[in-house]
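The values are calculated or read from the model by the stated rules, or taken from the named source; none is laboratory data. Note that the coordinates shown come from a computational prediction; the quantities given were computed from them, not determined experimentally. Quick reminder, even Gly has a Cβ in these numbers, built from the backbone with ideal geometry, and neighbours come from all protein chains shown. Surface areas here come from the heavy atoms of the whole protein model, side chains and all, with no ligands, DNA or RNA. Shrake-Rupley method; radii C 1.70, N 1.55, O 1.52, S 1.80 Å.
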Amino acid sequence: MGDAAQRSTIVVTGAGGPAGRTLGAQLTQVADSRRLRVLGVDMTPREVTGYESVEAVPAAADPAYDRAMLALIARHAPDLVVPTVADELPRMAVLTASAGLGNQVVLSAPGPAAIAADKLLTMWALAREGIPVPKHAGADEFTSAPEALSWAGGPVVVKPRVARGGRGVHVVEDPHDEVWERLDGSWIVQAFAPRTEYSPQLYRSPGSGRTTVVVLEKTGRKEGRVGNATTVRRLGDRDAPDVAALAESVVQSLDLVGPVDMDVRRLSDGTPVVLEVNSRFGAVSAHAPELLDHVLADWPR
């Protein structure tokens, strides 16, 4: 990346979020040896380890987002832009394509990015390809929690179709759960998969298509049975080969490139199913440092 006598500039969005903080810490370890200058952007800028500075940008839904990002890119002329905010990815992918930034933004094409950013669209796309997913539907397809529980034959998980990380994820098993009163078509319902949960970390090369898979087992979760991982354990290549194969089939089916963070869980019979896909670095990516190595080797392309 860049001239060997100069520092290459990397801009990371969502620098203050879980994925951004993790990535900042990783970049700190290689910044000197790789001659990197690392800058961050965030809606609420503050000092974050690993970043020379963190600048303010509007939220992705703000009409001012596009101009602000293009102005920032023009000002800093980064070699790489690494988005880490889930609800920003479809907008950034379209901006990348329309502004001709494709060689420097570590992100999939607009179509794949948009599908992965919407949890219900992800389920539809994977189910169509025969990839195992839990039973699923839009929340507006049910008139009540008892109806959803009857449909699933047990507990269900509800979560926003578009959301950052584990925000809003909730297990419904009580027919009188009050959470149901605020659900609408912007939420997805999935049958609850009760067994082991994994967070596969993947990288798919934008050039060769070669895929690297690291399977992490979630050993602790922020919300108990569901939610973001608080602790993980890296598994060996022979520990969960079915999960690794499933994860690789997902990125190939959706045509995702770059880093991908995924949630997979086993059903009662042991079958692994895909819960959601995030086409970006995740909060546990430090446990799979080879993803960052691949990004720095492959991009800009």
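Under the condition of being of a type in the set (Phe, Trp, Tyr) and outside any loop (DSSP other than H, G, I, E, B), which residue from the stretch 131-183 is least open to solvent (accessible area, probe 1.4 Å)? Please lay out each step first, then the result.
Going through the stretch 131-183, the residues of a type in the set (Phe, Trp, Tyr) turn out to be 142, 151, 180.
Filter again for outside any loop (DSSP other than H, G, I, E, B), leaving 151, 180.
Details: Trp151: 64, Trp180: 24 Å².
For the stretch 131-183, the residue satisfying everything is Trp180.
Return yes when Arg167 is within 30 Å of Leu95 (Cα to Cα) and outside the structural domain of Leu235 (by the TED database) and no when it is not.
Values: within 30 Å of Leu95 (Cα to Cα): yes; outside the structural domain of Leu235 (by the TED database): yes.
Criteria met by Arg167.
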message: Which numbered condition in (1) more than 17 Å from the chain's Cα centre (by Cα); (2) of a type in the set (Phe, Trp, Tyr); (3) at pLDDT 95 or above is the only one that Trp299 fails?
response: (3)
message: Looking at the stretch 41-55 only, could you name the residues that are of a type outside the set (A, V, I, L, M, F, W, C), crowded, with 20+ Cβ neighbours inside 10 Å and in a strand (DSSP E or B)?
response: Asp42
message: I'd like the full set of residues that are within 21 Å of the chain's Cα centre (by Cα) and either open to solvent by 60 Å² or more (accessible area, probe 1.4 Å) or under 12 Å from Ile10 (Cα atoms) (or both), limited to the stretch 25-37.
response: Leu27
message: Among the residues that make up the stretch 253-263, is at least one of them assigned to a helix (DSSP H, G or I), closer than 21 Å to Leu121 by Cβ and in contact with a strand residue (DSSP E or B) (Cβ under 9 Å, 6 or more places away or on another chain)?
response: yes
task: Give just the number: which of (1) at pLDDT 95 or above; (2) farther than 23 Å from Ala117 by Cα; (3) surrounded by 13 or more Cβ atoms within 10 Å (Cβ to Cβ) does Gln201 not satisfy?
output: (2)
query: Which residue, of Pro58, Pro63, is over 17 Å from Pro259 (Cβ atoms), open to solvent by less than 70 Å² (accessible area, probe 1.4 Å) and assigned to a loop (DSSP other than H, G, I, E, B)?
result: Pro58
